[in-house]
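Below you'll find the structure, written out as structure tokens, and then a few comments.
Taken together, the values in this text are just the output of simple stated rules run on the coordinates, not laboratory data. Worth saying up front: this structure is predicted, and the values here are computed from it rather than measured. Positions of Cβ are generated from backbone atoms using ideal geometry, with glycine treated the same way; all protein chains shown enter the neighbour counts.
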């Protein structure tokens, strides 16, 4: 019994390429040589579907239960039932004998969802605190046995609706799959490309449908616009979703040895716009009471504002570039990138030092923002600037001492 990946006659396939004699002739010969035959089957005809939509959908009977003469003589009333496939592309088979098998008791299993209950910790502590007389192993077994019943009771009271909801959804799925198996060409069922997200749908499902809608923009008729031959590939799909963002050729400088690792990490997140600023939290439907920047308290907090437009950040950055002997850096992300590229051309050590200072500035601005949010502590731009200078002096001397190089001609 299982998936034989072949059919016995043309009637056992619906859709796809026409069935030829050589497709199933060898399988028929093998069954005759072994003296096997199909066990009587009830339920739907086809046991496999390729899960495609429209004319591309294919049904076939690939799973079967094969028996010999001895089996039929001993289990004359046995029958194979084709069940609903559920989330798989194959339908399971259930063989029923004349003698009914007794069901075994299911083992106790712990569910992580119980930890979400406010009564879970109290239930465990109260049950474990009760004394049990006997050896240490006996006490452990008895406490676990007692706790098992309490957790089962907790599951029935607070989590029973989850099981019922899952069963209802599974029943609805079975009904739809039964209707679809009776009429494979039914067009009333909405395909993946047409279904809409419900208001109570999960966040993951909404994101999947969002990606689907983005992909639909790249299809005209049956042609995929992002590929030269019009066929969809994983590579072309990734390029389509990634967009035509220009790569910054000197971005690897963020991970230079001269940078403090934690500075590089925060600078990288800021550059990729992955820090959890207030505007990003709002876009994720999280409650944010005050949208203003915690450093200047004037404008809404965004990545662009926090590191390029904030007056507090501008004071810190201006003091640092003056300390390094550079000209003033533009307060715009795009112009700022190009200006750094052209600054100190041909002086690799100086440019690495500049990147290390910028990464340190990004880190300490983000740290100051979090200090004000979580600890209600504030520092002035002058204090942050002095802290960055001290860190950069130590880091610069440490890196050059390891390589036994003379210090660069920079007044630190």
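Would you give the gap between the C-alpha center of the stretch 192-242 and the C-alpha center of the stretch 1-28, rounded to a whole Å? A separation of 34 Å, based on Cα centres. Just need the relative contact order of the stretch 190-245 here, percent rounded to a whole number, with Cα pairs under 8 Å and 6+ apart. Relative contact order, the stretch 190-245: 21 percent. At what distance in nm do the modelled label points of residue 161 and residue 214 sit from each other, each positioned 7 Å from its Cα along Cα→Cβ? Here the modelled spin labels are 3.5 nm apart.
With the simple spin-label model, which puts each label point 7 Å out from Cα in the Cβ direction, the residue 375 to residue 291 separation comes to 3.0 nm.
Extension gain for residue 28-residue 170 works out to 47.5 nm (0.36 nm per residue, less the C-alpha to C-alpha distance). Shown is the FRET efficiency for residue 135 and residue 110, computed with R0 = 22 Å from the Cβ-Cβ distance and rounded to the nearest 0.05: 0.35.
For the stretch 112-158, count all C-alpha to C-alpha pairs, find those more than 12 Å apart, and express that count as a whole percent of the total. It would help to have the intermediate numbers written out before the result.
Details: 667 of 1081 pairs.
Of the Cα pairs, 62 percent sit more than 12 Å apart.
Give the Debye-formula value of log10 I(q)/I(0) at each listed q (0.10, 0.19 Å⁻¹), with one equal scatterer per alpha carbon of the stretch 2-96, two decimals each. Reported log10 I(q)/I(0), two decimals: -0.29, -0.96. Put simply, the stretch 190-245 fits an ellipsoid with semi-axes of 24, 14, 8 Å; these come from the alpha carbon gyration tensor as the roots of five times its eigenvalues, largest first.
For the peptides 365-371, 107-113, the ranking by mean Cβ contacts within 10 Å, running from highest to lowest, is 365-371, 107-113.
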